[in-house]
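Only one structure is covered here, and it is reproduced in the block below.
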Amino acid sequence: MSRPLRTGALFFLACLAAACASSVWAGQEGARNRSFVHPQARIQDYPEMFKAEFEKKGVLTAAEAIDRAVEIFRKRGVGRLCICEVTWIAGAVSGYLVDAQGDLSFEGGHYSLFRLGITDSPQGTGYAGFPGSAGAEFVFIAKGRSADGRPLWLPPPGPDTVFTPNMDVSEGMLAYEYLLQRERFETLTDRYPPCPPAPDRPSPVLPCAGNQAMP
């Protein structure tokens with residue numbers, strides 16, 4: 001009997017609820033790269049109850065995760081970057097899911113929605129194979145369309161793949177375990193007006209309107 005790929009892990013849900021208790025709008029003030037954050041961005045830092053312990057351990061804040069995410073998005077060639085939502089999670093890996101709009105052309109497709117996972121600390125990398133350092137990428141998901149309008153996902157073939165008993169599951173397909181709250185991810189463009197280009201900044205990644213670049 002075939003089965004669809006799971007798009008969420010249940011053990012994350014309690015952690016997501018705890019993250020919601022922290023300030024939704026705070027968390028980006030310390031980021032150097034606030035110019036790449038949407039003016040109405042929804043930022044969830046780790047819960048306040050963990051603050052004293054996490055500061056001693058050097059766990060990344062949401063602001064630090066934003067800075068690291070901008071670096072990684074740039075290296076991947078994502079242009080017109082606009083970070084819309086940042087959510088802290090904990091489980092097999094603890095860190096931040098960074099959802100953004102942008103532009104990326106890859107192998108004949110154009111991608112405009114992105115989810116990047118950033119570890120918050122070495123202790124947060126719960127299973128072997130992930131880099132043991134804070135700020136490491138642990139997942140990258142992108143959604144876009146082909147030239148003829150077909151939906152595309154990175155990594156392919158996407159989260160709606162139906163597996164048969166003898167079908168191999170690639171490591172890339174496991175990325176979709178982190179496609180939590182999929183509807184929110186796929187409606188980023190509807191919920192956040194896109195950031196216009198800024199021709200006065202000659203950068204492959206363009207800043208969001210309404211934010212001032214940090215010194």
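The figures follow:
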read-out: Partner lysines for Lys143 [C-alpha distance under 28 Å; skip if fewer than 8 residues away on the same chain]; value: Lys75
read-out: Within straight-line cross-link reach of Lys56, aspartates and glutamates at Cα separation under 15 Å, skipping those fewer than 8 residues along the same chain; value: Glu48, Asp120
read-out: Mean Cβ count within 10 Å, highest first, over the residues of peptides 39-48, 76-85, 151-160; value: 76-85, 39-48, 151-160
read-out: Accessible carbon and sulfur surface of the range 56-188 relative to its total accessible area, %, 1.4 Å; value: 51 percent
read-out: Distance-filtered residues of the range 133-154 - backbone nitrogen under 20 Å, label point 7 angstrom along Glu171 Cα→Cβ; value: 133-142, 154
read-out: In nm, spacing of pseudo-spin labels at Ser133 and Thr164 (7 Å Cα→C-beta vector); value: 4.3 nm
read-out: Zone residues, the range 73-113, relative to Ala147, backbone N less than 13 Å from point 7 Å out along Cα-to-Cβ; value: 106-110
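The values are calculated or read from the model by the stated rules, or taken from the named source; none is laboratory data. Everything quoted here is computed from the prediction, not taken from an experiment. Backbone-built Cβ (ideal geometry, glycine too); neighbour counts: all protein chains shown. Side chains included, ligands, DNA and RNA excluded: accessible areas come from the protein's heavy atoms. Shrake-Rupley method; radii C 1.70, N 1.55, O 1.52, S 1.80 Å.
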